[in-house]
Amino acid sequence: MGQTEAVASPPARTSADAVDALLVACVGGVPESFAPVYDALGPVAYGASLGVLRDPDHAAEVTQEVMVEVWQTASRFDPARGSARTWVATLARRRAVDRVRSEQAHRDRDQRDTDLRSHERARDVVVEDVERRLEGSAVRRCLDGLTSTQREAVVVAYYGGLTYREVAERLDAALPTVKSRIRDGLSRLRDCLGVHRG
Amino acid sequence: MWDLLPGYALDALDDADRRAVDRLLAADPAARRALDEYRAVVAAFAVETEPPAALRSRVLDQVRDVPQVQDAPADTAPAPSPGAAGGAVVDLVARRRRRWGAAVAAVAAAAAIAVPTTIAVQVSAERDRLREEAAAVSEMLADPDSAILRAAVDGGGEASVLVADDDMFFQAEGLPDPGPDRAYQLWVVGADGGVSSAGVLALRDGAATSLVRDSHGVGMAVSVEPAGGSAQPTTTPIVTLSA
């Protein structure tokens, strides 16, 4: 006791394993058991939604949907396949991307929508902004190991919520080229992040 | 086809490609593992951001009205086998999770409590222990070969033990005060009938938990001993849990 100087680590980041256990534990539990799960994973859902949607209100709506889905389907979470963080980030991203696409379909149907251009510009992805956003994270360091074309393709696909085809149009590149850039880019990131599961 | 897995993880495939990958994933466990890795990569892009404060109560209110679905992890559910065996296993796991959910939640929540840095220094060792315990118990619950033994305690209360491989997670509640200068001591019962001490139980509101790893035991027992504990039981066990 009293050796305060020995511990410089920041306070209370719940360990990944403890979060996994919290999620497993709320299966069949009382609704109150979900409160610590929300506290631990809400920021992941919100961060993943915000990355794709950019708009805080939309991201909050998606986060609400996702966290209720997490509660409902907690029994489907399988710790053997990945962390709770990854599971929630995956669910959140999928919903955010769905929302982007349905909005887009909506706009496409209304060719005269005057918001179209400003919306599109607001959604343009600037690699430098992304790198600033990720500052200090492991992904940021690992992105440096990609070629600039790989980095651009991965970042545009991730933050734009775009399909391969849309990425190809956006970057004015051939579809097979984009596919291989994204594949090689994600594979390098995987090796750099050390997420191999055996 | 494997080339499409990164795009699948990024939600970047059109419908036809996605359906093709779905078929691959259904047939090939190695492809599922590769996808899990790509998903972890994609998830690493998410920057934790505190959601608006009002969202918390909205979600927790909604959760009270929405029932949970009860099924096994989607991609690892055992293939339907002839007879009722497959279903029974899933059912057992679900039941086990329900029954043990509260205990793991308590342990994990204790480990997850956010505390200011100054206090964190003092409790960090305790929290590390709890984290480790929560992780281990969660692993044990996932082990399909794990078993739960449960019995009433003489003198009041109930005890149970979760056994998985060589690990045992003991849990008791409703235990009366053992009396002045007395303590409850936990014992591991070996296959040969011998017992070895697993320590004196730290009682909180009549409840105690203890994780014993690499025990090589077939059961557990509790006896009332002098406060410091004994080398071997000196009284008749008040509860014995064995397979």
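The values are calculated or read from the model by the stated rules, or taken from the named source; none is laboratory data. Remember, predicted model here, so these are calculated numbers, not experimental data. In this analysis, Cβ positions are derived from the backbone assuming ideal geometry, glycine residues included, and neighbour counts consider all displayed protein chains. Just the protein is used for accessible areas: all its heavy atoms, side chains included, with ligands, DNA and RNA removed. Shrake-Rupley method; radii C 1.70, N 1.55, O 1.52, S 1.80 Å.
Annotations for the structure displayed:
- Residue pairs meeting the criteria (Cβ under 7 Å; at least 6 apart or on separate chains; first over 13 Å from A:ASP20 (Cα atoms) and surrounded by fewer than 20 Cβ atoms within 10 Å (Cβ to Cβ), in segment B:125-146; second at pLDDT 75 or above and among the charged types (D, E, K, R)): B:ASP143/B:ASP165
- Looking only at segment B:193-208, residues that are part of a loop (DSSP other than H, G, I, E, B), surrounded by fewer than 12 Cβ atoms within 10 Å (Cβ to Cβ) and of a type outside the set (A, V, I, L, M) come to 3 in all.
- Hits in segment B:209-235 (condition: assigned to a strand (DSSP E or B), within 26 Å of B:GLU139 (Cβ to Cβ) and open to solvent by less than 30 Å² (accessible area, probe 1.4 Å)): B:SER210, B:VAL212, B:GLY217, B:GLY219, B:MET220, B:ALA221, B:VAL222
- Pick from segment A:64-105, criterion more than 8 Å from chain B (Cβ to nearest Cβ) and among the small types (Gly, Ala, Ser), ranking: nearest to A:CYS26 (Cα to Cα): A:ALA84
- Filtered by the rule that a residue be free of Cβ contacts under 8 Å to residues at least 40 places away in the same chain and more than 7 Å from every other protein chain (Cβ to nearest Cβ), segment A:38-50 gives a lone residue, A:ASP39.
- Residue pairs meeting the criteria (Cβ under 8 Å; at least 6 apart or on separate chains; first under 15 Å from A:ALA21 (Cβ atoms), in segment A:68-92; second in a helix (DSSP H, G or I) and among the polar types (S, T, N, Q)): A:PRO79/B:SER138
- Restricted to segment A:1-74, the set of helices (runs of 4 or more DSSP H) holding at least 3 residues that are modelled with pLDDT of 90 or more and open to solvent by 10 Å² or more (accessible area, probe 1.4 Å) comprises A:35-53, A:56-72.
- Test for A:GLY29: is it within 8 Å of another protein chain (Cβ to nearest Cβ) and closer than 21 Å to A:ASP17 by Cα: yes
- Index of the failed condition, B:TRP187 passing every other in (1) open to solvent by 10 Å² or more (accessible area, probe 1.4 Å); (2) touching a residue at least 24 places away in the same chain (Cβ under 8 Å): (1)
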